[in-house]
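Reviewing the structure listed below.
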Amino acid sequence: MGAAQRRLLGNDIDGAVLEARRALEWVRLHSGWAWPLNKDPRQRGQDERWAAIRPAVEDQAGGSVLADAVTSAFRYGRDEAKALIAIAAGLLAVVSQARLSPWDRDDAGLGPDTKPEPRSASL
């Protein structure tokens, strides 16, 4: 995502969006999320919901690199590029966190087979 930020700082909006799209392609290849197909959205599991978000964002970011009849007219502003970069970074964080061993995850901290102690009411 550093390349996307550098391109944005250099006012290369399309380049920044392209870098976000590259990150989303990495997410597609490494997430392991199963596409929910025609499943009722209310019946989708957590991974299936992430899987449904990624292609929508990737399609939006595709306008910077595709030149078909629809996307050739796309023009991105700085704020749109920032939004696509932020969403891609968020999805990268979710995938990266899931790929860590339970010992290395931010939400585990105590190891795979332990439970956190209840918090004191006085805190």
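The values are calculated or read from the model by the stated rules, or taken from the named source; none is laboratory data. A quick note: this is a predicted structure, and the numbers were derived from the prediction, not measured. Here Cβ is always computed from backbone atoms with ideal geometry, including for glycine, and neighbour counts include all displayed protein chains. These area figures cover heavy atoms from the full protein model, side chains too; ligands, DNA and RNA do not enter into them. Shrake-Rupley method; radii C 1.70, N 1.55, O 1.52, S 1.80 Å.
Under the condition of being within 13 Å of Arg22 (Cα to Cα) and touching a residue at least 60 places away in the same chain (Cβ under 8 Å), which residue from segment 47-88 is most open to solvent (accessible area, probe 1.4 Å)?
By that ranking, first place goes to Ile87.
Can you name the residue in segment 37-46 that is assigned to a loop (DSSP other than H, G, I, E, B) and not small (Gly, Ala, Ser) and is also most open to solvent (accessible area, probe 1.4 Å) among such residues?
Asn38
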